[in-house]
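Participant: Take a look at this one; I'll ask things after.
The values are calculated or read from the model by the stated rules, or taken from the named source; none is laboratory data. Just so it is clear, the structure is predicted and the values come from calculations on it, not from any experiment. Neighbour counts run over all protein chains shown; Cβ positions are idealised from the backbone, glycine included. Ligands, DNA and RNA are excluded from the accessible area calculation, which covers all protein heavy atoms including side chains. Shrake-Rupley method; radii C 1.70, N 1.55, O 1.52, S 1.80 Å.
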Amino acid sequence: MVNPIRTIARRVIETARALRHNRAQVCRQTAAGRKGQSLIELDTVAHSYSGGELFNEVSLRLAPGSFHFLTGPSGSGKTTFLKLCYGALVPTSGVVRIFDEDVRQMSRDDIAMARRRVGVVHQDCQFLDHLSLRENLALPLTVSGHEALDDDANLRELMVWVGLTARADAMPPELSGGERQRAALARALIMSPDVILADEPTGNVDWEMSQRLLTLLIELNRMGKTIMIATHDLGLIRAAKNHVQARVLRISGRRLQLAGADL
Amino acid sequence: MSALRSVIDFAIGDAQAEKAVPPTGFTVRLTVFSAAAMAFLVVFALALSLAAGRLADRWGDELARSATVRISAPVEQMAAQTEAALNVLSTTEGVENARALSIDEQRDLLAPWFGSELPLDALPLPQMIEVIETAQGFDGDGLRLRLSGEVPGAVLDNHASWRVPLVSAAGSLRMLGWISIILIALATGAMITLAANAALAANAQVIAVMRLVGARDSYIAQAFMRRFTLRALTGAAVGTVLGGVALLFLPSASEEGGFLTGLGLQGGHWLLLLLIPILAAAVAFLATRLAARNTLRSLT
Ligand SMILES: Nc1ncnc2c1ncn2[C@@H]1O[C@H](COP(=O)(O)OP(=O)(O)OP(=O)(O)O)[C@@H](O)[C@H]1O
Ligand SMILES: [Mg+2]
């Protein structure tokens, strides 16, 4: 049986790949050439805000093609952990490597280039309120120097796929919470990134939509994308475990633990 | 050539980048207005400097190289003393040429005061000798000493006593004009820095989102720099045109009016006005770049 989501996802990836920036392409090829290495690596990392230490001695390697869930109570530091993974925060101690580069050694431009290869679904979505939804989805392409994308087939397909075609010209403040989350996911995918970090991507959508988004992420993973999803939603994790070999990590007691069979 | 290319690219800009940063509203309008006002002031400071410069050069040049020896003597000694003075002058280093004025020339000099019908022959007028210096000039005190020894009735007037303060006043005026221009440029830079900082602060959220999706600092800074540079260019162009028109309506230079009527621009100096908008644009470019760099550095 032909899986329609798989077909669409593959096409999305192919067209997005064709659009990608030369340098990003070169980077990707070199990354592929070093298979077996980690895309993102945390080595005995600790992080604290002024309020106190969130976690310490955290080590993790995101191998290419791996699928991780990150869970833990609210306020345990899931978002903080993801921010460390895409260079928005520098760890208080320990080393974070993104594509084999130590975040502390990376210039601001290096960070920007790395972010083009890491698709992030932010918990609070983060759109530009003065641009239409379509323009917001195309923003990663725009800022990396691609031409105007108004009629881009790839963009259109992504929008069909997250069910937002009818809202293409809406401004972000007019969108519902679920629409914003779907849009955030579409924006994270537009550059066809190697790694996808999603912070509560299904927090505001109904069960059916959350299953659809999950299926998409699983399909992307089958095509070789590395995925990490932070979520409270244990139902989502259980649903995923039937389809994909996912590791479930939990932040608990300031440590990162592998969650057991209770899931 | 490639520099020109990049200037053109910068001016045309990236429509998408321009769109990503929302309109910055009043800060932009303030920039246009202040650039216009500043350019208007620069036009006058420039005209003042150039006019003062012209004056200083003219007084310096015309007068620096001429001096007068005046001989007052009894009529029967006049010819002999004149002869002696000319002799002294011809052997003085730094004197290019010395010449006794004829009676007609002396009459012409006095005509403005006494009319041209003056019977000069009947008056015990002093004899004037016009001295032209070489470029190096002569030693006034030395010459005065020699003259007092050999020509008792001779008085040397090398114009320095009244020329020097005038030339130095014109020089100060010129300096003041240039200082004003520099101060106006700095004030423009400060003003645009404030406006750019306000615009950047108002757009902190937008900048953060752009960074999150992989925008480089230069890309974000460019959008702001382009906006402020073009507004400063436009404002300064308007201000310069208005200042230039105002200069045109000043009375033109004339002998009688002296300094005040010579304030306009002359000839090729009009072309200098073209530099004012370019300078304003350059100041805006640098000020915005600095402001953007500082703001961006504080974001992840
Ligand atoms: N910029 C900051 N400065 C200081 N404290 C912060 C900052 N960001 C987060 N924190 C604190 O760090 C802790 C962890 O925050 P974080 O957002 O990582 O939690 P989370 O696990 O993602 O929570 P949730 O499940 O509610 O999204 C919280 O107590 C939060 O208040
Ligand atoms: Mg969170």
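Participant: Show the residue pairs that are 6+ apart or on different chains and have beta-carbon atoms under 9 Å apart, the first residue being within region A:69-91 and among the hydroxyl-bearing types (Ser, Thr, Tyr), the second being more than 10 Å from ligand 1 (Cβ to nearest atom) and in a helix (DSSP H, G or I).
Facilitator: A:THR71/A:LEU234; A:THR71/A:ILE237; A:TYR86/A:ILE111; A:TYR86/A:ALA114; A:TYR86/A:ARG115; A:TYR86/B:LEU212
Participant: A follow-up question, please. Being surrounded by 13 or more Cβ atoms within 10 Å (Cβ to Cβ) and either without any contact (Cβ under 8 Å) to a residue 24 or more places away in the chain or among the aliphatic types (A, V, I, L, M) (or both) is the filter here, so list the residues in region B:88-103 that pass it.
Facilitator: Residues satisfying the conditions are B:VAL88, B:LEU89, B:VAL95, B:ALA98, B:ALA100, B:LEU101.
Participant: Return yes when A:LEU84 is assigned to a strand (DSSP E or B), within 16 Å of ligand 1 (Cβ to nearest atom) and under 18 Å from A:ASP199 (Cα atoms) and no when it is not.
Facilitator: It is false that A:LEU84 is assigned to a strand (DSSP E or B), within 16 Å of ligand 1 (Cβ to nearest atom) and under 18 Å from A:ASP199 (Cα atoms).
Participant: Assess whether B:ALA52 counts as being open to solvent by less than 80 Å² (accessible area, probe 1.4 Å), among the small types (Gly, Ala, Ser) and outside any helix (DSSP H, G or I). Write out each step before concluding.
Facilitator: On the way: open to solvent by less than 80 Å² (accessible area, probe 1.4 Å): yes; among the small types (Gly, Ala, Ser): yes; outside any helix (DSSP H, G or I): no.
Here the answer is no, as B:ALA52 does not meet what is asked.
Participant: I'm trying to understand the selection: among the residues of region A:188-218, which are outside any loop (DSSP other than H, G, I, E, B) and over 10 Å from the mean Cα position of the chain (by Cα)?
Facilitator: First, pick out the residues of region A:188-218 that are outside any loop (DSSP other than H, G, I, E, B): A:188-189, A:195-199, A:207-218.
A:TRP207, A:GLU208, A:MET209, A:SER210, A:GLN211, A:ARG212, A:LEU213, A:LEU214, A:THR215, A:LEU216, A:ILE218, listed by residue number.
Participant: Here are some residues: A:VAL45, A:VAL96. Which one is within 14 Å of chain B (Cβ to nearest Cβ), modelled with pLDDT of 90 or more and more than 16 Å from ligand 2 (Cβ to nearest atom)?
Facilitator: Going through A:VAL45, A:VAL96 in turn, the sole match is A:VAL96.
Participant: Out of the residues in region B:195-239 that are away from chain A (no Cβ under 14 Å) and charged (D, E, K, R), which is farthest from A:LYS83 (Cα to Cα)?
Facilitator: Step by step, filter region B:195-239, then rank; the result is B:ARG231.
Participant: A:ARG180 passes all but one of (1) open to solvent by 20 Å² or more (accessible area, probe 1.4 Å); (2) away from chain B (no Cβ under 14 Å); (3) within 16 Å of ligand 1 (Cβ to nearest atom); which number fails?
Facilitator: (2)
Participant: Continuing with this model, one more query. Tell me, please, whether a residue that is open to solvent by less than 30 Å² (accessible area, probe 1.4 Å), free of Cβ contacts under 8 Å to residues at least 24 places away in the same chain and either more than 14 Å from chain B (Cβ to nearest Cβ) or in a helix (DSSP H, G or I) (or both) can be found in region A:135-150.
Facilitator: yes
Participant: A further question on this structure: Confirm whether B:MET38 is in a helix (DSSP H, G or I), within 30 Å of B:LEU186 (Cα to Cα) and not polar (S, T, N, Q). Give the steps one after another, and end with the answer.
Facilitator: Working: in a helix (DSSP H, G or I): yes; within 30 Å of B:LEU186 (Cα to Cα): yes; not polar (S, T, N, Q): yes.
So B:MET38 fits the description; yes.
Participant: Is it true that A:GLY203 is within 26 Å of A:ARG115 (Cα to Cα), small (Gly, Ala, Ser) and out of contact with any Ser or Thr (no Cβ under 9 Å at 6 or more places or on another chain)?
Facilitator: For A:GLY203, the condition - within 26 Å of A:ARG115 (Cα to Cα), small (Gly, Ala, Ser) and out of contact with any Ser or Thr (no Cβ under 9 Å at 6 or more places or on another chain) - is not met.
Participant: Could you please find all residues in region A:90-120 being within 16 Å of the chain's Cα centre (by Cα) and not charged (D, E, K, R)? Walk me through it before giving the result.
Facilitator: Applying the first criterion (within 16 Å of the chain's Cα centre (by Cα)) to region A:90-120 yields A:98-99, A:111-120.
The answer is A:ILE98, A:PHE99, A:ILE111, A:ALA112, A:MET113, A:ALA114, A:VAL118, A:GLY119, A:VAL120.
Participant: Would you be able to say whether some residue in region A:71-79 is within 14 Å of chain B (Cβ to nearest Cβ), under 12 Å from A:ASP43 (Cα atoms) and touching a strand residue (DSSP E or B) at 6+ places or on another chain (Cβ under 9 Å)?
Facilitator: no
Participant: Residue check: is A:LEU42 in a helix (DSSP H, G or I) and open to solvent by less than 10 Å² (accessible area, probe 1.4 Å)?
Facilitator: On the way: in a helix (DSSP H, G or I): no; open to solvent by less than 10 Å² (accessible area, probe 1.4 Å): yes.
When the stated conditions are applied, A:LEU42 does not pass them.
Participant: Residue by residue through region A:103-134, note down the ones that are in a helix (DSSP H, G or I) and either within 28 Å of A:HIS47 (Cβ to Cβ) or facing chain B (nearest Cβ under 7 Å) (or both).
Facilitator: Scanning region A:103-134 gives A:VAL103, A:ARG104, A:GLN105, A:ARG108, A:ASP109, A:ASP110, A:ILE111, A:ALA112, A:MET113, A:ALA114, A:ARG115.
Participant: Go through the residues of region A:51-68 one by one and say whether even a single one is within 13 Å of ligand 1 (Cβ to nearest atom), under 21 Å from A:ASP199 (Cβ atoms), in contact (Cβ under 8 Å) with a residue 24 or more places away in the chain and not in a strand (DSSP E or B).
Facilitator: no
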